[in-house]
Amino acid sequence: MTQKPDTPAEPTIVNSWNEWDPLRHVIVGRADDCHIPPEEPALDAKVPENSDMRGQWGRRPQEMIDRGNELLDNFADMLVKRGVRVDRPDSIDHSLPATTPDFHTESQFGCMPPRDVLLTVGSEMLEATMSYRCRWFEYLNYRPLMQRYFNEDPNFRHESAPKPRLTDADYHPDYLSDKIGVEKRLQWAEEKFFVTTEEEPLFDAADVLRFGRDLVVQHGFTTNLKGIEWLRRHFPDHRVHTVNFPGDPYPIHIDATFTPLRPGLILNNPQRRLPEEQRKMYNDNGWEIVDAAQPAHNAPPPLCYSSTWLSMNVLVLDPKTVCVEKSEVYQAEQMDKLGMNVVEVELRDAYAFGGGLHCCTADVYREGDCEDYFP
Ligand code: DAV
């Protein structure tokens with residue numbers, strides 16, 4: 001139940017500085033018209049070599065789209081019942097090729113997950129550059145919402161990072177083989193040799209975590225160092241920290257790796273531990289970084305890009321309340337022990353569209369201001 005057109009809504013206010021303050025307004029993605037895009041360098045690097053997605057592309061099966069939408073709609077309804085305002089994107093036609101003077105790809109991706117595209121920092125929503133060609137136009141799914149927010153909130157800053165050219169110069173050809181093997185990938189990740197080059201700034205919004213004055217950004221497949229430098233210059237009042245998580249052979253997006261739950265507490269993926277030398281700011285300020293519980297599944301669902309660690313891709317509703325996927329019993333149990341109230345949400349059959357509960361949302365409004373948690 002999203003906002004009915006005839007229901008006068010409160011004017012939107014855009015404000016969100018972190019991942020945990022009380023959530024009042026959020027965007028939830030849609031599975032509509034989602035496609036498996038054809039091969040392209042950065043996307044291929046993320047698809048595991050034994051994945052059922054290798055070598056096939058096209059519109060996702062309608063019954064999977066319907067099921068994904070059912071779960072996303074239920075999630076949205078649950079949020080509305082808890083007093084959170086929910087907006088939904090308007091799907092563009094993702095079957096259309098994406099063509100610019102610099103590249104051509106036969107289809108696009110979808111209007112999932114919004115967290116990858118939109119970065120909310122205070123009263124600003126920033127459209128990420130993205131790093132896959134098939135996602136170049138994805139911001140268009142959210143433009144009707146951005147226009148509405150612009151009309152309703154006099155302080156809303158709608159920003160868009162420079163659209164990248166995404167020529168072949170953006171990708172290391174070494175990653176183009178489909179027989180690299182996990183050992184080599186782990187070594188490359190350890191050496192910070194990723195599929196994207198430093199040709200131009202690239203970032204996906206889901207590589208960024210917001211901790212008030214501090215932004216923590218993962219350097220990996222979808223975000224390069226120039227992208228992080230661009231963010232640093234764009235947010236001069238923030239401290240921007242680059243982080244790496246060796247142990248992840250497919251490092252894209254930080255939100256199945258490092259999950260802040262409330263001030264002072266972060267879950268870290270035990271296979272992708274933050275290196276000791278990058279822990280200083282947390283240690284110095286009394287933050288605890290605990291290993292996340294094991295996922296409940298041995299494998300991702302069919303046609304899914306993500307790993308089983310979507311178990312820790314949770315949506316924090318407030319510092320005491322967290323949405324956890326219904327089948328992730330170990331993660332829920334751990335949350336309970338950490339003193340969080342768990343809201344179970346069934347979403348696994350929508351994972352294939354690009355992620356879990358954090359991925360499939362984007363913040364519009366959380367209570368609270370910009371605080372300095374690491375003075
Ligand atoms: O573990 O495959 C998924 C993150 C999706 N936003 C992973 C990362």
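The values are calculated or read from the model by the stated rules, or taken from the named source; none is laboratory data. Nothing here was measured: the structure is a model prediction, and the numbers come from that model. Note: ideal-geometry Cβ built from the backbone for every residue, glycine included; neighbour counts use all protein chains shown. Areas reflect the complete protein model, heavy atoms only, side chains present, ligands, DNA and RNA absent. Shrake-Rupley method; radii C 1.70, N 1.55, O 1.52, S 1.80 Å.
The separation of segment 306-372 from segment 163-233, counted between C-alpha centres, amounts to 25 Å. Each label point was placed 7 Å from the Cα along the Cα-to-Cβ direction; for Thr242 and Asp178 their separation is 3.3 nm. Taking amide H atoms as placed 1.01 Å from N in the peptide plane, the amide H of Arg366 lies under 5 Å from those of Asn15, Ser16, Trp17, Arg24, each 5 or more residues away in sequence or on another chain.
Rolling a 1.4 Å probe over the protein heavy atoms leaves Ser160 with an accessible area of roughly 60 Å². Largest to smallest in accessible area, the residues Glu367, Glu19, Glu276 fall in the order Glu276, Glu367, Glu19 (1.4 Å probe, all protein chains included). Estimated purely from DSSP H runs of n ≥ 4, each contributing -39500 (n - 2.57), the mean residue ellipticity at 222 nm for the chain is -5500 deg cm²/dmol once divided by its residues. Kirkwood radius and radius of gyration were both taken over the C-alpha atoms of segment 1-130, and their ratio Rg/Rh is 1.01. Put simply, the amide H of Val121, placed in the peptide plane, has neighbours under 5 Å in Leu126, leaving out anything fewer than 5 places away on its chain.
Where both residues lie in the chain, what percent of DSSP beta bridges are antiparallel, nearest 5? Percentage antiparallel, nearest 5: 55.
Largest mean-square fluctuation among Asp284, Asp363, Asp90, in a Gaussian network model of the chain whose springs join Cα atoms under 10 Å apart, belongs to Asp284. For the residues Pro11, Pro270, Pro113, a GNM of the chain with alpha-carbon springs under 10 Å puts the largest fluctuation on Pro11. Taking every protein chain into account, the accessible area of segment 23-366 amounts to 38 square angstrom per residue (probe 1.4 Å).
Residue by residue, segment 170-175 carries 3J(HN,Hα) couplings of 7, 10, 6, x, 4, 7 Hz when phi is fed to the Karplus relation 6.51 cos²θ - 1.76 cosθ + 1.60 (θ = phi - 60°); x denotes Gly or Pro. Largest mean-square fluctuation among Val243, Val217, Val195, in a Gaussian network model of the chain whose springs join Cα atoms under 10 Å apart, belongs to Val243. Taking Thr129, Thr167 and ordering them by how much accessible surface each has at a 1.4 Å probe, largest first, produces Thr167, Thr129. For the chain, take the alpha-carbon Rg, divide it by the Kirkwood Rh, and send me Rg/Rh. When Rh is taken as the Kirkwood radius, the ratio is 0.93.
Residues whose amide H falls under 5 Å from that of Val345, counting only those 5 or more places apart or on a different chain, are Val324, Glu325, Lys326, with hydrogens built in the peptide plane. Pairs over the 22 Å Cα-Cα cut-off, from the set Lys184/Lys280; Lys81/Lys337; Lys46/Lys226; Lys163/Lys184: Lys184/Lys280; Lys81/Lys337; Lys163/Lys184. A P(r) calculated from all alpha carbon pairs of segment 291-375, with 10 Å bins opening at zero, reads 17, 46, 28, 8, 0 percent. Measuring only protein heavy atoms, the 1.4 Å probe finds Glu371 accessible over about 90 Å². Computed with a 1.4 Å probe on the full set of protein chains, the accessible area for Glu333 sits at about 100 Å².
Heavy-atom accessible area with a 1.4 Å probe sorts Phe211, Phe193, largest first, into Phe193, Phe211.
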